[in-house]
Amino acid sequence: MQHTLSILLQNEAGALVRVAGLFAARGHNIDTLTVAPTADPAVSHLMLTVRGDDAALSQILQQTRKLVDVLQVQHATHA
């Protein structure tokens, strides 16, 4: 199943690498990745899609929310 995540991230050096590294360390491949600015120059909007089962995704969501630079994580599922 394909999952789409929307992440608000502090716009700091290395923040994107920490998020991508979390997925890589868990053996998850990021299918698409888009980063865009927000109205606040200190915050970036990260959209990514990954494939996996619900149990693995639940663990990834919990661990992503624990990252210091992550402000918010939202999940939308596409069949």
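Throughout, read-outs are computed from the coordinates displayed, never taken from laboratory work. Worth saying up front: this structure is predicted, and the values here are computed from it rather than measured. Note: ideal-geometry Cβ built from the backbone for every residue, glycine included; neighbour counts use all protein chains shown.
Applying the Karplus relation 6.51 cos²θ - 1.76 cosθ + 1.60 with θ = phi - 60° to segment 4-19 yields 3J(HN,Hα) values of 10, 10, 10, 10, 8, 10, 4, 7, 10, 4, x, 5, 5, 5, 5, 5 Hz, where x marks Gly and Pro.
Over the chain, dividing the summed -39,500 (n - 2.57) contributions of all DSSP H runs of at least 4 residues by the number of residues returns a 222 nm mean residue ellipticity of -9500 deg cm²/dmol.
Hey, what did the chain get for relative contact order, percent, Cα under 8 Å, at least 6 apart? Each step should come with its number before you reach the end.
Numbers: 132 pairs, mean separation 39.2, N = 79.
Once normalised by length, the contact order is 50 percent.
Taking the Cα centre of segment 2-78 as the origin, how large is its charge dipole in debye, to the nearest 20, when only Lys and Arg (+1) and Asp and Glu (-1) carry charge on their Cβ atoms?
Values: 5 positive and 6 negative charges, 31 e Å.
Its charge dipole is roughly 140 debye.
Shown in residue order for segment 36-49 are the 3J(HN,Hα) couplings computed by the Karplus curve 6.51 cos²θ - 1.76 cosθ + 1.60 at θ = phi - 60°: 9, x, 10, 5, 8, x, 8, 10, 10, 10, 10, 10, 9, 10 Hz (x for Gly and Pro). Backbone N atoms of segment 2-29 closer than 15 Å to the 7 Å Cα→Cβ label point of T49 belong to residues 2-6, 29. Comparing T32, T64, T49 in a Gaussian network model of the chain (Cα springs below 10 Å), the most mobile by mean-square fluctuation is T32.
Taking 0.36 nm per residue of sequence separation and removing the Cα-Cα distance, the K66/M1 pair yields an extension gain of 21.0 nm.
Given +1 at the Cβ of Lys and Arg, -1 at the Cβ of Asp and Glu and no other charges, the dipole of segment 12-55 around its Cα centre is 140 debye to the nearest 20.
For the chain, the fraction of C-alpha pairs more than 17 angstrom apart is 38%.
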